[in-house]
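Taking it in order: structure first as structure tokens, then the write-up.
The values are calculated or read from the model by the stated rules, or taken from the named source; none is laboratory data. Treat the numbers as computed from the prediction; the structure is a model and nothing was measured. Don't worry about glycine lacking a Cβ; one is built from the backbone with ideal geometry, like all the others, and counts go over all protein chains shown. Each accessible area value is taken on the protein alone, full model and side chains, heavy atoms only, with ligands, DNA and RNA left out. Shrake-Rupley method; radii C 1.70, N 1.55, O 1.52, S 1.80 Å.
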Amino acid sequence: YVAAVNSFRAAGGRVIGYVYTSYGARSLSTIQAEIESYRNFYNIDGIFVDEMANTGPAERLNYYRDIYNYVKGIDPNWEVMGNPGTTTIEQYRTWPTADRLMVFEGFGSSYPGYTPSNWNYDYDSSKFVHLVHAEPSNDLLTDLGLAVARNAGGIYITDDVLPNPWDRLPNYWAS
């Protein structure tokens, strides 16, 4: 993977390590060890925190703030991307727990009906990302327009399907 990561970076890509939290159930020491593995093996630009909880209480918010602070303690320029995958409470933004939040992750067929939290509009769009899967290419421009209207500064759209819709680029990537 080191050669692939270095090639990707040389081409201008940003490399983000991946950790999952099981919605706050995994130990901080295990997550920190995984972050350290990324740090030691690869030249990365941040950490993607998956399976992130989207509600309180404060102990849960503190858990994610501890992950955020741990990453920023390694390199303050690293980006922390948090993925609750759905609407969440504003404290995940203000605590802070992530630089960017994935506030939608789901089927393309459900994306038109998605409504972001009202507080999302109080922040720069760069703080929010939507992840849309199982989406045919004929809905691509519609989805991009919806993302802009919903104050999402980032969107990834793929025609790939469950159980892992993120394991390849969409068939329409080149076009």
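So here's what we get for this one:
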read-out: Accessible surface, per residue, of the chain when the full set of protein chains is kept, probe 1.4 Å, Å²; value: 51
read-out: Tail beyond 18 Å, pair distance distribution of the range 87-175 (Cα, percent); value: 43
read-out: Taking all pairs of distinct alpha-carbon atoms in the chain, Kirkwood radius in angstrom; value: 16.9
read-out: The chain: calculated mean residue ellipticity at 222 nm from DSSP helix runs of at least 4, using -39500 (n - 2.57); value: -9500 deg cm²/dmol
read-out: Net lengthening on full extension, Tyr20/Tyr70 (0.36 nm per residue, minus Cα-Cα); value: 16.5 nm
read-out: Potential lengthening between Tyr156 and Glu36 on full extension [0.36 nm per residue; Cα-Cα distance subtracted]; value: 40.5 nm
read-out: Net dipole in debye of the range 1-134 [+1 Lys, Arg Cβ; -1 Asp, Glu Cβ; about Cα centre; nearest 20]; value: 120
read-out: Mean Cβ neighbour count within 10 Å, used as a protection proxy, ranking 71-78, 104-111 highest first; value: 104-111, 71-78
read-out: Considering only the chain, percent of DSSP beta bridges that pair antiparallel, nearest 5; value: 0
read-out: Size of the range 24-117 as Cα extents on the principal axes (Å, biggest first); value: 42, 28, 23
read-out: Residue-span extension gain [Leu28 to Asn62] - 0.36 nm each, minus C-alpha spacing; value: 11.1 nm
